[in-house]
């Protein structure tokens, strides 16, 4: 429309500069935008295809389930290229690694709900994002249009930094961020990692040694500048310093050795490790491996992209294991959009999406019953009397019922067509 | 394929698009007097369907099984159009996830006004390609598009010239379906709302 208006203005001679102004539009800034631009430029700007694709992307964010920090889901690909999204709890200092593997490439992006924080390269099928604050990261995956099959999304939250003491881990942390110091006069602005004297202290990330000094409180200290994240790492109470100012180091390079210099003379040897970026930060999320166990893969991901029905009345949940919030009747037809561990992501005939236990559903291969109307019955496209009629179930001709929705039965006719008949007067 | 561009340029206004825009402009200018430009078999128009198919091909969507099936359904409907007589009324159902098109072949109502009213009603709003073709007397020649629209609800009206049979084809755009209905009539006088709406 914008182009048409500009062309019209130009044609009318209203402004000679209009065409010049319209000549240049910034190139797409990410793969999603490039894809949309390709469709628009090909004359599909007002097509249902593109409208559905864009709408689905927005809807996915609005209903994104909260998941763990180590999550996997097998997701169905449909013709509309429907998007799915997940809300992942994150803390500053953590990074989120997302991988999508499957029969088609998938667009990946991440946002905080309003601002996009990262994109994946579709061909690579991976994305890595480092949020700058605590909260939720919304990861979204969307296949291109007219695809079929399924893909598997793996979301993993990892620390951004390596552990700063060689061969030690979070179990060796003896004092945490915020502990009182000097009788409560100040807070502890780091973590203390206890290790034998002389244990190597290593670079937690690539960076530049910005200061090597001796202070009354920290004793022998080293400051490492992490320019990529605009933060400074502080290593204190060292027994010895093995680097010099300005030296470039890589993750794992030895900076010094654990000791108890400075005001730690009366304590066992340990490293005081601090992170400063517009003030002190809690180092734990920066170095702590995520404790969530990886989501098991579903026992039968073959259900993804198929239809099942509710085996006994249940409630739809907004996320795997979340609080039930929408009741569903026995026999309801469900389209399986995804599967994770023992949960299925399903869509009901009225368009609700949520999670149910796989064990609460059953195959629709076997009919529930048979309907045999004594008068011609209209077969509707959806379980509603106002839905279009797509066929007629003739009086005396029975049809197997595979699912139910209120007073409607989902039937398959002899010619293979499927639809809904009202059963109040069917039998 | 169009050449790749680093930035987005205004689309090249192709001859076909300009011609179609000119037709639309003439219809608007002509106002209540109607528009019979589309009736000229010497000046075939470029139907929206062909533009849409070009778009599918340009983006690779025509190579996907669903895209291929949709294009094939359109071609088959045109080639295997069922016989129809005027006035013609029909309605039916096309599922959104199916590749289907319907078409009728009928004798040309020479020098009369042909009016096609077609609509698509579905669970989700969708547009219907409505096209009228002239079938050349030589079966080896391709059908010639005479009038075309893409809308949920369309009225096409034009004076028919020539004696070749006509074909009317309906096809919902990809991923859309629903109940379609069509009425085709011929009249000696120009209808009140002639033209392309």
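Filtered by the rule that a residue be modelled with pLDDT under 95 and either within 13 Å of the chain's Cα centre (by Cα) or under 19 Å from residue A:68 (Cβ atoms) (or both), the range A:137-152 gives a lone residue, A:152. Checked against (1) at pLDDT 95 or above; (2) under 21 Å from residue A:168 (Cα atoms), residue A:264 passes all but condition (1). For the range A:160-184, filtering for residues that are in a strand (DSSP E or B) and within 34 Å of the chain's Cα centre (by Cα) leaves 4.
Of the residues making up the range B:95-129, those that are within 17 Å of the chain's Cα centre (by Cα) and more than 15 Å from residue B:156 (Cβ to Cβ) are B:99, B:100, B:101, B:102, B:105, B:126.
Let's see how each residue does on (1) crowded, with 20+ Cβ neighbours inside 10 Å; (2) away from every other protein chain (no Cβ under 14 Å):
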| residue | (1), (2) |
| --- | --- |
| B:75 | no, yes |
| B:82 | no, yes |
| B:86 | no, yes |
| B:89 | no, yes |
| B:107 | no, yes |
| B:114 | yes, yes |
| B:119 | no, no |
| B:124 | no, no |
| B:128 | yes, no |
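Here residue B:178 meets each of (1) in contact (Cβ under 8 Å) with a residue 60 or more places away in the chain; (2) at negative phi; (3) surrounded by 20 or more Cβ atoms within 10 Å (Cβ to Cβ) with one exception, condition (2). Residue-level analysis places residue A:190 outside the set of residues that are surrounded by fewer than 19 Cβ atoms within 10 Å (Cβ to Cβ) and under 28 Å from residue A:276 (Cα atoms). For the range A:185-199, name all the residues that are farther than 20 Å from residue A:286 by Cβ and either free of Cβ contacts under 8 Å to residues at least 40 places away in the same chain or assigned to a strand (DSSP E or B) (or both). Within the range A:185-199, A:185, A:186 meet the criteria. None of A:288, A:297 is surrounded by 14 or more Cβ atoms within 10 Å (Cβ to Cβ), at negative phi and within 19 Å of the chain's Cα centre (by Cα) except A:297. Only one of the listed residues (A:372, A:394, A:385) is more than 12 Å from chain B (Cβ to nearest Cβ), in contact with a strand residue (DSSP E or B) (Cβ under 9 Å, 6 or more places away or on another chain) and within 22 Å of residue B:122 (Cβ to Cβ). That residue is A:385.
All told, residue B:135 meets the bar of being surrounded by fewer than 23 Cβ atoms within 10 Å (Cβ to Cβ), free of Cβ contacts under 8 Å to residues at least 40 places away in the same chain and either touching a helix residue (DSSP H, G or I) at 6+ places or on another chain (Cβ under 6 Å) or over 27 Å from residue B:97 (Cβ atoms) (or both).
The values are calculated or read from the model by the stated rules, or taken from the named source; none is laboratory data. Predicted, not measured: the structure shown is a model, and the values here were computed from it. Cβ coordinates were reconstructed from backbone atoms using ideal geometry, including for glycine residues, and neighbour counts include every protein chain displayed.
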